[in-house]
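Have a look at the structure below before the remarks.
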């Protein structure tokens, strides 16, 4: 019969229900119809009626973890059976790209092929949210793959690596089935994940929130961005009358600068650059490649590209998370010299042609020509010389819109806790984040009606963004560290497992494991080390400063002598300090500072620092001043 009962998308076979909880099953059917639900774990039968609008609600209680179980729902002339249900712990996994980063796909984490092959964990279940925005709170969860999936080599490749490694570690130590709701979106800001009620209390976001509530049509934004792009192209030195003059084969590029690719442009050449850069490289086509289609692989580009061969466009792609592969038709392939030109637009954050050099080549059949190495480049437009890009009223980086669409649908679905990896997109607003991030945590706790909801997060990893911007990430880490003042929070310090050249470090195994260590200790009651040293206080005795730490058992350097500490006197000038361990504390002196008053540790975007304790985990960066 035609199905008439509709339910939230997160009620499906293979789901995990939170143990020892009251679950509210909301749905719709025809008005004034009887609905019956039977649960196999307690053999109970629940009966209710739909109201005049066809809405119904059934509250069921779960037991301690176990399974698999069945649920059967009937009424309105139909029946629905949910199979292979587990009762266990459900964790919400959210944030931006480092939480979203999949094992395979654009992520390709360390040893991803082996990790995927070994991902046979039938008691770990995966629910993947679709990227969706909403200007107002929604109750409709938009999910992939028709609902929950059993963790297997088939289902895991495109799932969050951090979330998977977290669940794997928790499951290995507890045996409790784990459900992962993965709801993240790369490049997004924290205010987008915060509810309207909370954002309305933060004055910084009033104008942006009002714009969201205007609910302008898509046509308004399309007209704005079209006009903006037209003006941008008029400023682009590489274009003339719409023609790509910098892509011409015979262009004199003798005065262009050179850089090695693949690499981030704003990391290696021009710090904090956003705009348009043109890259060129001459290649030689051997005779036996002539008159054959060529595959051009350019790896990963942030954000958008238009690619040319001898001045003719052969392809374009939008999006930082899509690999570039283009076919150059055989009609253009002759033996001899040719030129590849790539116009790259970066609207914010890291940009350029980057990624793995193995994905940077020309290919015919099984023969490849390596394209990594020196390329010439020239800047077409620097966005600092241009007006701000219009923001769509359906884009993700607006206050509340991701909370509305990707978090709010779950607030009546009990969860065990939250793991969170975000902050890169807020790094330029660290002071604001000191208010925003705790507000987000309290916001979610209020929405789930769980004041002590565990909320464990990852502090930003080490990453170099170039000269002139040496501390924006350090300041954001400080905001994250201060958030530990909230009860039942925990922070992974990842200052030792980042990548100076990649904002998306490949070691997600340790990130997930460190999140799991916090959960195992603080949520599951395991006697386990879960934190490196965390700054507690200082005291000054003449020319010495003594630094005290929480979690100082067997405090030590990971190797060699302690590094990463600087001290300053009243003149606020910091100098490297000698650091020795004494009675579980760190004692600092500097020949350049006779009257020390402040300490900083690992205070840089990509610091060199090595303090740890018996856990082997790194100490969190910190500073004692507010200068």
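The values are calculated or read from the model by the stated rules, or taken from the named source; none is laboratory data. Predicted, not measured: the structure shown is a model, and the values here were computed from it. Backbone-built Cβ (ideal geometry, glycine too); neighbour counts: all protein chains shown.
Only one of the numbered conditions (1) touching a strand residue (DSSP E or B) at 6+ places or on another chain (Cβ under 7 Å); (2) modelled with pLDDT of 95 or more is violated by residue 233, and that is (2). In the set 349, 365, only one residue is modelled with pLDDT under 95 and over 18 Å from the mean Cα position of the chain (by Cα); that residue is 365.
On the basis of being surrounded by fewer than 19 Cβ atoms within 10 Å (Cβ to Cβ) and either free of Cβ contacts under 8 Å to residues at least 40 places away in the same chain or farther than 27 Å from residue 197 by Cβ (or both), does residue 139 make the cut? Answer is no for this residue. Of the strands (runs of 3 or more DSSP E) lying entirely inside the range 38-112, those containing at least 1 residues that are under 30 Å from residue 191 (Cα atoms) span 78-95.
Screening the candidates 604, 598 for the property of being over 22 Å from residue 517 (Cα atoms) and touching a helix residue (DSSP H, G or I) at 6+ places or on another chain (Cβ under 8 Å) yields one hit, 604.
A quick yes/no check of all residues on (1) without any contact (Cβ under 8 Å) to a residue 12 or more places away in the chain; (2) assigned by TED's automatic domain parsing to the domain that holds residue 161:
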residue	(1), (2)
356	no, no
360	no, no
381	no, no
429	yes, yes
436	no, yes
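Among the residues making up the range 142-174, a single one is surrounded by fewer than 20 Cβ atoms within 10 Å (Cβ to Cβ) and within 15 Å of the chain's Cα centre (by Cα): 158. Among the residues of the range 364-377, none qualifies, meaning not one is in a helix (DSSP H, G or I) and without any contact (Cβ under 8 Å) to a residue 12 or more places away in the chain. So for the range 122-140 (the condition being more than 30 Å from residue 447 (Cα to Cα) and at pLDDT below 95), does at least one residue qualify? No - not one qualifying residue is present in the range 122-140.
Residues checked against (1) within 30 Å of residue 12 (Cα to Cα); (2) assigned to a helix (DSSP H, G or I):
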| site | (1), (2) |
| --- | --- |
| 419 | yes, no |
| 427 | no, yes |
| 436 | no, yes |
| 495 | no, no |
| 498 | no, no |
| 510 | no, yes |
| 516 | yes, yes |
| 519 | yes, yes |
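For the range 104-123, filtered to residues that are within 21 Å of the chain's Cα centre (by Cα) and within 22 Å of residue 177 (Cβ to Cβ), the residue that is surrounded by the fewest Cβ atoms within 10 Å (Cβ to Cβ) is 116. So if I check each of 615, 620, which one is surrounded by 16 or more Cβ atoms within 10 Å (Cβ to Cβ), more than 29 Å from residue 350 (Cβ to Cβ), touching a residue at least 60 places away in the same chain (Cβ under 8 Å) and touching a helix residue (DSSP H, G or I) at 6+ places or on another chain (Cβ under 9 Å)? The match here is 615. Only residues that are assigned to a helix (DSSP H, G or I) and within 30 Å of residue 22 (Cα to Cα) were counted across the range 441-482, and they come to 7.
Each row is one residue, and each column tells you yes or no for (1) touching a helix residue (DSSP H, G or I) at 6+ places or on another chain (Cβ under 8 Å); (2) closer than 19 Å to residue 381 by Cα; (3) not assigned by TED's automatic domain parsing to the domain that holds residue 357.
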{"position": "209", "(1), (2), (3)": "yes, no, yes"}
{"position": "221", "(1), (2), (3)": "no, no, yes"}
{"position": "242", "(1), (2), (3)": "yes, yes, no"}
{"position": "246", "(1), (2), (3)": "no, yes, no"}
{"position": "249", "(1), (2), (3)": "no, no, no"}
{"position": "254", "(1), (2), (3)": "no, no, no"}
{"position": "258", "(1), (2), (3)": "no, yes, no"}
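The single residue among 377, 354, 308, 326 that is surrounded by 15 or more Cβ atoms within 10 Å (Cβ to Cβ), over 23 Å from residue 229 (Cα atoms), modelled with pLDDT of 95 or more and touching a strand residue (DSSP E or B) at 6+ places or on another chain (Cβ under 9 Å) turns out to be 326.
Considering the range 268-354, the qualifying strands (runs of 3 or more DSSP E), each wholly inside and each with 3 or more residues that are touching a residue at least 40 places away in the same chain (Cβ under 8 Å), over 19 Å from residue 256 (Cβ atoms) and touching a helix residue (DSSP H, G or I) at 6+ places or on another chain (Cβ under 9 Å), run over 294-302. Scanning the range 231-267 for residues that are more than 33 Å from the chain's Cα centre (by Cα), surrounded by 13 or more Cβ atoms within 10 Å (Cβ to Cβ) and in a strand (DSSP E or B) yields a count of 2. Is at least one residue of the range 187-196 loosely packed, with under 15 Cβ neighbours inside 10 Å and either modelled with pLDDT under 95 or in the same structural domain as residue 97 (by TED's automatic domain parsing) (or both)? No.
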